[in-house]
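Below is one structure, written out as structure tokens, with a few remarks after it.
The values are calculated or read from the model by the stated rules, or taken from the named source; none is laboratory data. Note that this is a predicted model, so its numbers are computed, not measured. FYI the Cβ positions are ideal-geometry reconstructions off the backbone, even for glycines, and counts take in every protein chain you see. Remember, those area values only see protein heavy atoms, side chains included, never the ligands or the DNA or RNA. Shrake-Rupley method; radii C 1.70, N 1.55, O 1.52, S 1.80 Å.
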Amino acid sequence: MILAIDIGNTTVEIGFVEENFIKSYKLSSDLSKTIDDWFLDFILIKNIEKNEVKAGFISSVVPNLTEKIKNAIKKSFNINIYTVGEDIQVPIKINYEKPEEVGIDRVLNAYAGINISEPPLIIIDLGTAITFDIVNEKGEYEGGAIFPGMESSIFALFSKTAKLPKVDIKITEDIIGKTTVKSIQSGIYFGYVSLIDGMIEKFQKKLNNKASVILTGGHSEIISSGLSHKHILEKNLSLIGIKLLSKSVKLL
């Protein structure tokens, strides 16, 4: 068993990964937490799982958390830690103008995507930001688009307006909201469903309508229910990518 850690801007996902099984936990990406705070979190999870972990693998887009979490993992599990993008490179060609600018999460999703579906691919990750990532027919990363995530939009609306409340994101059946809360929920849900359906349509046209669509990220299940385009829903895409990369490490 390996420990796969995906550090995002909103959550830290901790995955216990075996060959055909992933069990994960999510913690808040709290920049104020110390190494000891993270250590206690990992000890609690370790005591719940009680499984032998051979090594740890980290994918991170939050540099300020990476070292803290690495040290906490070493302290709690006493294992070697490998960082994706530093200790292990993702074996996929990147056709970005400046490849170093691509977030490791986007590259990792692309790598995982080509291992679960034939390219070309449109991979949509619904997190703090919504990323659209394109993999061409050769299995190469082409680029994509970035849009503010659902939580980010709600926070902006709530913080910039005096009378609009902060609401929960949920599947909405009626597009016509009869209260302020339901109106916001309708706008967020149907607005983002329409956005993603529209972007898929534009990308498909660019790719000659040959691309498979993969949906992942924290809000993927909510959006999945409303999309008109056929797609694969895989919430653990980044952890699958880490699992695949871990096989290249001979120390396991």
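Checking the Cα-Cα distances for 54/247; 170/235; 26/68; 68/235; 98/247 against a 19 Å cut-off, the pairs over it are 68/235; 98/247. About the centre of its Cα atoms, region 100-252 shows a dipole size close to 260 debye [charges on the beta carbon of Lys, Arg (+1) and Asp, Glu (-1) only; nearest 20 debye].
Ranked by the mean number of other Cβ atoms within 10 Å per residue, highest first, peptides 113-122, 92-101 order as 113-122, 92-101. Less than 5 angstrom separates the built amide H of residue 82 from those of 56, 57, 58, all sequence-distant by 5 or more or on a different chain.
Peptide packing: for 137-146, 24-33, the average count of neighbouring Cβ atoms within 10 Å per residue gives the ranking 137-146, 24-33, highest mean first. Kirkwood hydrodynamic radius computed over region 1-57 comes to 11.9 Å, based on all pairs of distinct alpha carbons. Pairing the Cα long axis of helix 63-77 with the longest principal axis of the chain, what angle in degrees results, from 0 to 90 and rounded to the nearest 10? Approximately 50 degrees, to the nearest 10.
The overall shape of the chain is oblate: from the C-alpha gyration tensor, with semi-axes ordered a ≥ b ≥ c, the ratio a/c is 1.5 or greater and a/b is no larger than b/c. Within region 24-82, which GluC sites (Glu not before Pro) sit in a loop by DSSP and count at most 10 neighbouring Cβ atoms inside 10 Å? Qualifying residues, ordered by number: 52.
Sorted on the mean count of surrounding Cβ atoms within 10 Å across their residues, most packed first, peptides 159-165, 105-111 read 105-111, 159-165.
Name the residue from 188, 38, 2 whose Cα lies farthest towards the positive end of the charge dipole of the chain, charges +1 on Cβ of Lys and Arg and -1 on Cβ of Asp and Glu. Checked the options; the winner is 188. In terms of its C-alpha gyration tensor, region 131-237 comes out prolate, because a/c is 1.5 or above and the ratio a/b outweighs b/c.
Computed over region 6-154, the P(r) curve from all C-alpha pair distances, binned at 5 Å from the origin, holds 2, 8, 17, 20, 19, 16, 11, 6, 1, 0 percent per bin. Here the accessible area is traced with a 1.4 Å probe on the protein chains. For the chain, carbon and sulfur cover 51 percent of it.
For the chain, the solvent-accessible area works out to 52 Å² per residue, with a probe of 1.4 Å and every protein chain left in place. If one takes the longest principal axis of the Cα atoms in the chain, at what angle in degrees, from 0 to 90 and to the nearest 10, does the Cα axis of helix 104-114 lie? Roughly 80 degrees between the two axes.
Can you give the angle from 0 to 90° between the axis of helix 237-246 and the longest principal axis of the chain, with both taken from C-alpha atoms, to the nearest 10? That helix lies at roughly 20 degrees to the long axis.
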